[in-house]
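Down below is the structure, laid out as structure tokens.
The values are calculated or read from the model by the stated rules, or taken from the named source; none is laboratory data. Owing to the predicted nature of the structure, the values given are computational and were not obtained by experimental measurement. Glycine gets a Cβ as well: all are built from the backbone with ideal geometry, and neighbour counts include every protein chain shown. Only protein heavy atoms, including side chains, enter the accessible area calculation; ligands, DNA and RNA are left aside. Shrake-Rupley method; radii C 1.70, N 1.55, O 1.52, S 1.80 Å.
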Amino acid sequence: MSMTTEATINELATQKYKYGFTTDIEMEEFPKGLSADIVRLISAKKGEPEWLLEWRLKAYEAWLKMEEPEWARIHHPPIDYDDLYYYAAPAKAQPKSLDEVDPELLKTYEKLGIPLHERAALAGVAVDAVFDSVSVATTFRDTLAKAGVIFSPISEAVREHPELVQKYLGSVVPVGDNYFTALNSAVFSDGSFVFIPKGVRCPMELSTYFRINARNTGQFERTLIIAEEGASVSYLEGCTAPMRDENQLHAAVVELVALDEAMIKYSTVQNWYPGDADGKGGIYNFVTKRGACRGKNSKISWTQVETGSAITWKYPSCILQGDGSVGEFYSVAVTNHFQQADTGTKMIHIGKNTSSTIISKGISAGRSNNTYRGLVKIMPGASGARNFTQCDSLLIGDQCGAHTVPYIENRNASAKVEHEATTSKIAEDQLFYCRSRGLSEEDAVGLIVNGFCKDVLKELPMEFAVEAQKLLAVSLEGSVG
Amino acid sequence: MLEIKNLHARIGDAEILKGVTLTIPNGEIHAIMGPNGAGKSTLSYVLSGREGYEVTEGEALFNGENILEMEPEDRAAAGLFLAFQYPVELPGVGNANFLRTSLNAIRRKRGEDELDAVAFLKLARAAVKQLAMKEDFLKRNVNVGFSGGEKKRNEMLQMAILKPHLAILDETDSGLDIDALKIVAEGVNTLRDETFSALVITHYQRLLDYIVPDMVHVLAGGKIVRSGPASLALELEASGYAGLEAA
Ligand SMILES: Nc1ncnc2c1ncn2[C@@H]1O[C@H](COP(=O)(O)OP(=O)(O)OP(=O)(O)O)[C@@H](O)[C@H]1O
Ligand SMILES: [Mg+2]
């Protein structure tokens, strides 16, 4: 477009990722590469019980026999799994309280806008901060404990609540579900554990902030959230990483369990480093997230705003087992430059009168590729099941791609499945209209895109909706021209 | 003051404006009339900076500055406002949010303080009331599902809030019922002062009963072919444009 726009594009392409700094801190790393010994080392480092080591080793064995999935619309050079570090953590002993956390780390999180001191923290939000392979701080634990809520690093939960972890770990996402879940199960080092007991509404928003810092290190976190009968919780995760030329692997597993009448709302603002404007560097985000609505009238709601990562491969799903259970998936996926996203959901209707809603908004710019891939499966017993799916794609420029791949398997005649899809472009007249009212081109794109995503953004917890809006605008900076 | 001097502009290979010369002193309102396809909307787009129009000759000075070299948003900050002949829909963008974002973008560019949500809402509600619009207009998405007349009124709402120094109204009166017409005229008339001027494009003399122009120009075949006092509009209404096409 105009000359000034081009100038800003170049400027922004190099500047816009403001979380790209690195933290200089002494790290403890295990040798590169993956072997049964590395798995044992990780397990020993965490002082894990024998059953968990066995579990990990089985996962490792399974992984050795598996292949990377190839069905997604993504492309990348082969990953050398022997050239990765599988464990990296700040060298200093794990702090017992916030006052003992390394000041460098506190500074890092402050720079990321996540102050860990409770007095400075966002009101009403408890944070678990995961730095590379370990959790470095968890705030408001006492407040939560009073309500009976457990919110802790998963490695600690393994020690302190082994019966809960053993009961639920791998019960939603089996170890051998796919290549990356097997890998994660073998080497996961930390992540968050949340337990909301019967009848308790969690008094605060819970959030985990994932930060990759170390070079050549994979991050394999594991999150497990359990809401007992009648319990409810809203949980949010955020993610950032330094700007590096080489790609980094992030292969997480998230499992949610909702019992009778329980509700889990899980929101993600994913802003891993996307690579530069030429497609160099960035995170490979290969993530498996699944929630089981085990109880009647339980509800699991996924909301995701995916703006980062060189490649995003994730399908947060719901298994609607309990009668009357509800699954929701609200997604905004933005790709710019050379980013690739293949994301969507699976809604598996098993119980009677189960219902699911899927709203997906894909925005592609630059030379990126953005695919919605979704499965709605109605099992024979799911009488009265209902699904509504809406997939909208917005294209900016003409070198990007948007693809919609909906799979529907309906094996119950009484079920109702609706699917709507649209593809549109930001029209020149919309941009001009906004600019003639004083908005810069970038702000105009931001406004139009936010309008396009409104149905999803309104599902985010209030505190994060504004952040997400800004993030959308920033991710698309330099996309018109 | 707006001074358009020998302005030539083309779209692709077609020359649409073929030497428009026109001066609107501060505080004055001028009307432009002329046959369909004469280039009236083209002139308004060129002045406000829409892409796709190539200016091949001439200039347009607004208070001495050549606005043709400015980005559209900078022209808005300089005080230019175009009420679109066909207002554009922005799905999912709330009207109030759009208005406030615009106003604050302009204020920022001018080095003025931004308005907070409360102050803005007060201003917006007053304007909505003045334009006899329903309050839910502010909550609805910009122009989405608006009737033709509602869209035009919405343009006037934006004008009332952005308070431009130079407003171009491109057939804002088309499709308006008689009450709405009076309200639009009143909207323009309340802005009328030494620091405000307007270019009113219309096909109908009846708007000019309510907004009495200082001058009327006829644009035909890409040129101003005749200019005169307000009474020219009456004359045109009787005789049409026959014989006025540029040679
Ligand atoms: N994008 C375009 N490509 C080619 N020709 C165009 C384009 N836009 C406008 N024109 C032509 O330019 C001429 C002037 O159009 P313009 O819209 O300025 O007329 P107008 O005076 O506003 O007419 P009306 O009274 O009908 O609104 C017309 O002949 C029109 O067909
Ligand atoms: Mg016109």
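Before moving on, here are some points about what is shown:
- Restricting segment A:65-74 to residues that are open to solvent by 90 Å² or more (accessible area, probe 1.4 Å) and either touching a strand residue (DSSP E or B) at 6+ places or on another chain (Cβ under 7 Å) or part of a helix (DSSP H, G or I) (or both), the residue that is modelled with the lowest pLDDT: A:73
- Of the numbered criteria (1) in contact with a Cys (Cβ under 8 Å, 6 or more places away or on another chain); (2) buried (at least 24 other Cβ atoms within 10 Å of the Cβ), the one residue A:366 fails is (2).
- Condition met for residue A:114 (over 17 Å from the mean Cα position of the chain (by Cα), of a type in the set (Val, Ile, Thr) and open to solvent by 10 Å² or more (accessible area, probe 1.4 Å)): yes
- Residue in segment B:78-97 that is open to solvent by 60 Å² or more (accessible area, probe 1.4 Å), assigned to a strand (DSSP E or B) and in contact with a strand residue (DSSP E or B) (Cβ under 8 Å, 6 or more places away or on another chain) present: no
- Residues within segment A:26-43 that are in a helix (DSSP H, G or I) and in contact with a Leu (Cβ under 8 Å, 6 or more places away or on another chain), tallied: 4
- Selection within segment B:9-61 - within 14 Å of chain A (Cβ to nearest Cβ), crowded, with 21+ Cβ neighbours inside 10 Å and more than 16 Å from ligand 2 (Cβ to nearest atom): B:49
- Spans of helices (runs of 4 or more DSSP H) in segment A:373-480 with at least 1 residues crowded, with 22+ Cβ neighbours inside 10 Å and away from chain B (no Cβ under 14 Å): A:462-475
- Among the residues of segment B:151-193, the one identified as of a type in the set (Ser, Thr, Tyr), within 16 Å of ligand 1 (Cβ to nearest atom) and open to solvent by 10 Å² or more (accessible area, probe 1.4 Å) is B:174.
- Considering residues of segment B:26-40 that are more than 14 Å from residue B:192 (Cα to Cα), outside any loop (DSSP other than H, G, I, E, B) and not basic (Lys, Arg) only, the residue farthest from ligand 1 (Cβ to nearest atom): B:31
- Segment A:392-409 residues that are charged (D, E, K, R), paired with ones that are open to solvent by less than 60 Å² (accessible area, probe 1.4 Å) (beta carbon under 6 Å, 6 or more apart): A:392/A:361; A:409/A:377
- Look at segment B:130-149: where a residue is open to solvent by 60 Å² or more (accessible area, probe 1.4 Å) and a partner is assigned to a loop (DSSP other than H, G, I, E, B), sitting 6+ places away or on another chain with Cβ atoms under 8 Å, you get B:140/B:146.
- Taking the criterion of being touching a residue at least 60 places away in the same chain (Cβ under 8 Å), in contact with a strand residue (DSSP E or B) (Cβ under 8 Å, 6 or more places away or on another chain) and open to solvent by less than 20 Å² (accessible area, probe 1.4 Å), the residues of segment A:235-249 that qualify are A:236, A:238, A:239, A:240, A:241, A:249.
- Any hit, segment B:216-229, residues being crowded, with 23+ Cβ neighbours inside 10 Å, more than 16 Å from ligand 2 (Cβ to nearest atom) and of a type in the set (A, V, I, L, M, F, W, C): yes
- The residues of segment B:169-211 that are among the β-branched types (Val, Ile, Thr) and either closer than 20 Å to residue B:130 by Cα or in a strand (DSSP E or B) (or both), listed by number, are B:172, B:178, B:183, B:184, B:188, B:190, B:200, B:201, B:211.
- Taking segment A:340-355 as the range and being open to solvent by less than 10 Å² (accessible area, probe 1.4 Å) and closer than 26 Å to residue A:179 by Cβ as the test, the residues that pass are A:341, A:342, A:343, A:344, A:345, A:347.
- The set of residues in segment B:108-120 that are in a helix (DSSP H, G or I) and open to solvent by less than 60 Å² (accessible area, probe 1.4 Å) comprises B:117, B:119, B:120.
- Matching option when the condition is closer than 25 Å to residue B:128 by Cβ and within 16 Å of ligand 2 (Cβ to nearest atom), among B:202, B:190: B:202
- Scanning segment A:298-354 for residues that are of a type in the set (Phe, Trp, Tyr) and part of a strand (DSSP E or B) turns up A:302, A:313, A:329, A:330.
- Count - residues of segment B:62-77 that are under 15 Å from residue B:198 (Cα atoms), within 10 Å of another protein chain (Cβ to nearest Cβ) and open to solvent by 40 Å² or more (accessible area, probe 1.4 Å): 0
- Of all residues in segment B:156-185, those that are free of Cβ contacts under 8 Å to residues at least 60 places away in the same chain have Cβ atoms under 7 Å from Cβ atoms of residues that are within 16 Å of ligand 2 (Cβ to nearest atom) and among the β-branched types (Val, Ile, Thr), 6 or more apart or on another chain, in B:173/B:202; B:184/B:172.
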